[in-house]
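The structure under discussion appears below in the form of structure tokens.
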Amino acid sequence: MMFDDDILNGIKEYFDVRELVDKKTFTKYGQKSWQFLDLRMLHCILIIREEIYKGKKVQGMDTGLPITANTWLWGGDLDERGLRTNICDTVKGKTDDKTLYLSAHVQGKALDFDVKGMTAIEVREWIVDNHRLFPYKLRLEDKKKDRDKNSKTYGQMIPISWVHLDVYWLDKNSKVYLFDV
Ligand SMILES: [Zn+2]
């Protein structure tokens, strides 16, 4: 059992909030941006950050592996991998098209990330194998349709190359629920 403060203090050891929200949110809310991120989601990320390959000294580290989400903080172009607001490109586009958009990202319940030294497939397998570490049900995106016409696998379902984790809860879902998008 971890209390809310423990989760927040733990995750802040590894993440700047700018890695989890976009620039406009941070500009307006600064450190108060943490309030928009779901504690269950943060707790799952904290567990992965601290437990994945713990003790195996992968790349000289023995306390888990670094996780990358948004990169705009360092001049990168990724800024929608955590919270997505009404004026983020993805969400605004859906609204303009009058398309319903209920991604867990808009509720701060999802994070797209990479784990250093591991493929997304390896990370998903580790999460499934270690489902007992997690106090909550979680969902992982698995495969998507290849829309790259130059690709050999065009039109086929291919593994998603990043990890999307969210904490939407549905009675019928397994502890770790993999779904295609
Ligand atoms: Zn996602």
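Just a few scattered comments:
- Dipole moment magnitude, nearest 20 debye, the chain about Cα centre, only Lys, Arg, Asp, Glu C-beta charged: 320 debye
- Think of region 4-133 as a dipole: +1 on every Lys or Arg Cβ, -1 on every Asp or Glu Cβ, centred on the Cα centre; then among ALA110, ASN86, LEU42, ASN86 lies furthest on the positive end.
- Relative contact order, percent, the chain [alpha-carbon distance under 8 Å, six or more residues apart]: 20 percent
- Calculated P(r) of the chain - Cα pairs past 20 Å, %: 57 percent
- Signed unit charges on C-beta, dipole axis of region 101-159, positive-most listed residue ILE121, THR153, TYR101: TYR101
- Label-point separation in nm, ASN173 to THR99, each point 7 Å along Cα→Cβ: 2.1 nm
- Projected onto its three principal axes, the C-alpha set of region 78-181 covers 41, 35, 29 Å, listed from the longest axis down.
- Choice from HIS131, HIS43, HIS164 showing the highest fluctuation, given a GNM over the chain with Cα pairs closer than 10 Å: HIS131
- Under a model in which nothing but the beta-carbon of Lys, Arg (+1) and Asp, Glu (-1) is charged, region 87-181 shows a dipole of about 180 debye around its Cα centre.
- For the chain, the longest piece that avoids every one of the trypsin sites (Lys or Arg not before Pro) found in DSSP loops with at most 14 other C-beta atoms within 10 Å covers 13-53.
- Sites SER151 and PHE3 - FRET efficiency at Förster radius 41 Å, r taken between beta-carbons, to 0.05: 0.30
FYI, it's all coordinate maths here, none of it is from the lab. What you see is a predicted model; the values in this text were computed from it and never measured. Positions of Cβ are generated from backbone atoms using ideal geometry, with glycine treated the same way; all protein chains shown enter the neighbour counts.
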